[in-house]
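Below: the structure, in structure tokens.
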Amino acid sequence: MNKLATTQVPLHPLLARRWSPRAFDRAHALAPEQLTALIEAARWAPSSNNTQPWRFLVANRGEAAFDELFGTLNPGNQQWAGAASALILVVAEATGPFALYDTGLAVGNLVAQAGHEDLAVHQMGGFDKAAAAERFQLAENQQPVVVIAVGRHDVDAPLSETFAERERAPRTRLTVDELLLRQQISA
């Protein structure tokens, strides 16, 4: 499914074709090198004072950790996320005021690398953070941020009609002008 972004100026193809599908190939398994590449890309993200506050719990489908992490997802996400090849719990360590921002940068790198690997990624804020912290024995200074479903997109994967409509819907974004606090870019 081609969901190339409509942009005012050309973007790098990895950015222009990035979107968050829910339809995953249940038969697909990630190669260990692919998972390593995702975490390696995140590792090289910039961070305030090089604190690198991000941590990842990677759970492949079929592992007990996958089932545990899946169990923390909101019911709507559970409808489709079980078909992903892996679920990744993203955690920020409280290293300073920019830990969440820095962790987001690391996830951005991970998402870009996933695109390079021809993998689909869907980030989810809809999960029980307290349950995830308890199940995976996170330290008090470790804050669950997001769960990432990663795998191969499958346009034929079964989805509820609500989610299938979202898959088919065109991508939309605010305009560049709407994002600016004041008009400062002339095209």
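Computed quantities for the displayed model
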| item | result |
| --- | --- |
| Interchain or long-range residues, amide H under 5 Å from Arg26's placed H | none |
| Estimated Rh, the chain: Kirkwood, alpha-carbon pairs, angstrom | 17.6 |
| Total charge dipole magnitude, the chain, about the Cα centre, Cβ charges on Lys, Arg, Asp, Glu only, Debye to nearest 20 | 460 |
| Distance between segment 35-111 and segment 132-187 - C-alpha centres, whole angstrom | 13 |
| Gaussian network model of the chain, Cα within-10 Å springs - most flexible of Val146, Val121, Val155 | Val155 |
| Point-to-point label distance, Arg173-Asn2, nm (Cα→Cβ direction, 7 Å offset) | 1.9 |
| Residue with peak Gaussian network fluctuation, the chain [Cα springs, cutoff 10 Å], from Leu100, Leu89, Leu15 | Leu15 |
| Residue-span extension gain [Arg166 to Ala65] - 0.36 nm each, minus C-alpha spacing | 33.5 nm |
| Likely footprinting exposure, Met1, Met124, fewest C-beta neighbours within 10 Å first | Met1, Met124 |
| Top of Asp118, Asp156, Asp25 by mean-square fluctuation, Gaussian network on the chain, Cα under 10 Å | Asp156 |
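Since every read-out is calculated from the coordinates, none of them should be taken as a lab result. Note that this is a predicted model, so its numbers are computed, not measured. Backbone-built Cβ (ideal geometry, glycine too); neighbour counts: all protein chains shown.
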